[in-house]
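Take a look at the structure set out below.
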């Protein structure tokens, strides 16, 4: 079973440190893929994105998704970090790191994990606009749902 690290936290994270932690002391790791999701400014209109979650439930679902990826691909490790709270444009929101002997498994597993995180992870996003207009909850996108059909 690969090493699984799941954290839901308000604090920022260091993607390089998290990737190094998966490979540290191992000579069998042939590739590490990382994906870092950032908060966009939505064309300059967004002041911040507020993320909410159910503690415990979010970690359980992220663990379930990671275990499914570990069952599908020969991975040595998976790290999923997801922030909550108020996040400003340019700040990091999510990190997925996959380590394996070969690159294909890392790329495919990271892609799979992000597709499921975008559509199935129990996080709710509210946009806070720079113009002071009412904050709005972000609806799920059809494109995110259709991406799941690949898996």
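Taking the chain as the reference, fit the longest principal axis to its C-alpha atoms, fit the long axis of helix 103-120 to the helix C-alpha atoms, and give the angle between the two in degrees, 0 to 90, nearest 10.
Rounded to the nearest ten degrees, it is 30.
Would you mind computing, in nm to one decimal, how far apart the modelled labels at residue 3 and residue 54 are, each placed 7 Å from Cα along Cα→Cβ?
Output for this residue pair reads 3.1 nm.
Arrange 98, 39 by Cβ neighbour counts within 10 Å, fewest through most, would you?
Ranking 98, 39 by Cβ neighbours within 10 Å, fewest first, gives 39, 98.
Taking the Cα of residue 38, stepping 7 Å toward and past its beta carbon, and measuring to each backbone N in region 81-123: which are under 12 Å?
89-93
Could you tell me how many degrees, from 0 to 90 and to the nearest 10, lie between the Cα long axis of helix 57-72 and the main elongation axis, the longest principal axis, of the Cα atoms of the chain?
40 degrees
Going 7 Å from the Cα of residue 107 in the Cα-to-Cβ direction, what parts of region 32-46 have a backbone nitrogen less than 16 Å from that spot?
32-35
Residues of region 109-129 with backbone nitrogen within less than 18 Å of a virtual label 7 Å along the Cα-to-Cβ line of residue 145, please, listed as ranges.
115-125
Where a number appears in this text, it was derived from the coordinates with a stated rule and is not lab data. The structure displayed is predicted, hence computed values, not measured ones. As a convention, Cβ positions derive from the backbone with ideal geometry for all residues, glycine included, and neighbour counts pool all protein chains shown.
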